[in-house]
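Scroll down for the structure; my scribbles are underneath it.
Please treat every number below as a calculation from the coordinates, not as lab data. Every value quoted in this text rests on a predicted model; they were computed, and no experiment measured them. Backbone-built Cβ (ideal geometry, glycine too); neighbour counts: all protein chains shown.
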């Protein structure tokens, strides 16, 4: 019996009980789909993280106290450190606080507040949609001026053209809208950066009730100097605060590689879990194939009686198992691609199925079919035709 | 009649069941000449099933030698025996053993598929065989769409399609009503008249009377051999053979 005939027989056997075949292959379908979705999610997340770290600005080094270290920065440290560390072209303190209510007329919304200095715009690489940014005079004069993000504006029912000069209340205090930011997109952690109200850090200390900046931003002239600046800052901080790791200092590259490695670990772990589920799917196929061999004992006996050799029977059952697993794999790829596409639409991030994960998932499914189909097929091929024909 | 199709010499078959050794066949000599039609009868436990399995190359004798259609099949491996069955023997079983998913035509083609024959040639042979048993208008029916008698005729067509040296039937009328059974036996007689060598294994004397010779097996030996007179064969063909007595 040639390959084509064996294939035709296997298709016939599978078609005879479509539901059962589908259920048999379900483990493989789910396994392959999971592999594809997990890998696509991982890659999508990695791309998104990279994009967000880029959007942080250009050649930034960020320092922040380790949680629980008790270290407190001061606003003046930014300027003094800039003077001490070569290659730093700009520095600023950033005061971050919890969200506060922002009110305009009858409209209100929730936004996060940040106290910043006039360098913020260039350091973050951000742009204004309207108006102007906070000036040094406003910083010195503790002016109650605000630059607002697009989301805040939209939620208040304002447009960039009409917003500038309006008075809003931030946490109960009146501010004048000085400028409107162009959309920034998602932040490093995936949070929206457009639901933001910026003000001079001198002003923000009263609103946020804190005298200590949460971060210090440093700009480096060239990306290649970032590592050196990180090292120097680390050294200075370890002198100032003798406890180990009291302050975290990270460049964009380091931030990116840390987040990416977390991401990769997560993807690998989830991918392995999915691979295990493929093995479980293989065991499911083996189970059903063993049942099928018993059910079709008479058929096997008849085939052998009229001239099927061992390898004919072996091949027939092996092909059936591989067809189940391979077909399951293909449905899994289709299902995974569909889920990835829908997920991408839902999360509003472009997610693509990597051809490598589809190929790996599919070949893994086929291999599972061969490995787990071999034993039942061998069982079938070894049946004694006399015994098999006598079975009722 | 010419050279024997089946030639058994001193064939014995013993089974080991635990510590006990059971002799199913003891020293059997059997010749079936080409063109002969032989019934092998005997009560259950007599050894006739074992004899049939050995004649059908489904089993190997423990002792003795077997020459089938001029070729010694002693000591052949499983796959070689499978090929021998495929080329030299056409089986007809009591319970038809048709594959339910395949049409009549595809069932008849099956032995030729295992022979490695191309689609066009085997289809032609299968159509011819179905026409020979009078089922040319039922070729594309599934077994479930056919009556018992028709199913058995499909099985006969499957046995004939490969042009075997020997048609070997095991209780071919056991699952049929008397009318359908008589048709199948008449079919065998017709094939035999055209030169096909036929061996029918049965416990039913009425079935056996359709053959030219009746061998009775008892206690693992061939206990007797009787010629059936031509007139008696005709009579048997006219009378109803037992069908549902098994």
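Structure notes:
- Here the strands (runs of 3 or more DSSP E) wholly within region A:168-245 that include at least 2 residues being surrounded by fewer than 17 Cβ atoms within 10 Å (Cβ to Cβ) are A:173-181.
- Elements of type helices (runs of 4 or more DSSP H) in region B:80-184, at least 1 residues being free of Cβ contacts under 8 Å to residues at least 40 places away in the same chain, more than 10 Å from chain A (Cβ to nearest Cβ) and touching a strand residue (DSSP E or B) at 6+ places or on another chain (Cβ under 6 Å): none
- Extreme residue, nearest to residue B:29 (Cα to Cα), among residues of region B:66-79 that are more than 14 Å from chain A (Cβ to nearest Cβ) and out of contact with any helix residue (DSSP H, G or I) (no Cβ under 7 Å at 6 or more places or on another chain): B:67
- Answer residue from region A:294-320, given it is buried (at least 22 other Cβ atoms within 10 Å of the Cβ) and closer than 24 Å to residue A:365 by Cβ and is farthest from the other protein chains (Cβ to nearest Cβ) among those: A:318
- Against the test of being without any contact (Cβ under 8 Å) to a residue 24 or more places away in the chain and under 33 Å from the mean Cα position of the chain (by Cα), the options A:122, A:112, A:159 yield a single qualifying residue, A:159.
- Matching residues, region A:293-315, being over 20 Å from residue B:77 (Cβ atoms) and touching a helix residue (DSSP H, G or I) at 6+ places or on another chain (Cβ under 7 Å): A:293, A:297, A:298, A:302
- Residue within region B:44-65 that is within 14 Å of chain A (Cβ to nearest Cβ), part of a strand (DSSP E or B) and touching a strand residue (DSSP E or B) at 6+ places or on another chain (Cβ under 9 Å) present: no
- Which numbered condition residue A:23 misses (of (1) in contact with a helix residue (DSSP H, G or I) (Cβ under 7 Å, 6 or more places away or on another chain); (2) surrounded by fewer than 21 Cβ atoms within 10 Å (Cβ to Cβ); (3) closer than 30 Å to residue A:293 by Cβ): (1)
- All positions within region A:55-76 that are buried (at least 19 other Cβ atoms within 10 Å of the Cβ) and more than 31 Å from the chain's Cα centre (by Cα): A:73, A:75
- Qualifying residue in region A:321-334 (condition: part of a helix (DSSP H, G or I), within 14 Å of another protein chain (Cβ to nearest Cβ) and crowded, with 24+ Cβ neighbours inside 10 Å): no
- The listed residue being surrounded by fewer than 17 Cβ atoms within 10 Å (Cβ to Cβ) and within 23 Å of residue B:153 (Cα to Cα), out of B:75, B:35, B:90, B:18: B:35
- Residues located in region A:354-392, provided they are within 14 Å of chain B (Cβ to nearest Cβ), surrounded by fewer than 22 Cβ atoms within 10 Å (Cβ to Cβ) and within 51 Å of the chain's Cα centre (by Cα): A:378, A:382
Conditions (1) closer than 23 Å to residue A:229 by Cβ; (2) away from every other protein chain (no Cβ under 14 Å); (3) touching a residue at least 24 places away in the same chain (Cβ under 8 Å); (4) part of a helix (DSSP H, G or I), marked per residue:
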{"position": "A:19", "(1), (2), (3), (4)": "no, yes, no, yes"}
{"position": "A:27", "(1), (2), (3), (4)": "no, yes, yes, yes"}
{"position": "A:36", "(1), (2), (3), (4)": "no, yes, yes, yes"}
{"position": "A:42", "(1), (2), (3), (4)": "no, yes, yes, yes"}
{"position": "A:49", "(1), (2), (3), (4)": "yes, yes, yes, yes"}
{"position": "A:63", "(1), (2), (3), (4)": "yes, yes, yes, no"}
{"position": "A:73", "(1), (2), (3), (4)": "yes, yes, yes, no"}
{"position": "A:92", "(1), (2), (3), (4)": "yes, yes, yes, no"}
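- The set of residues in region B:190-239 being closer than 17 Å to residue B:156 by Cα and surrounded by fewer than 18 Cβ atoms within 10 Å (Cβ to Cβ) consists of B:190, B:193, B:194, B:195.
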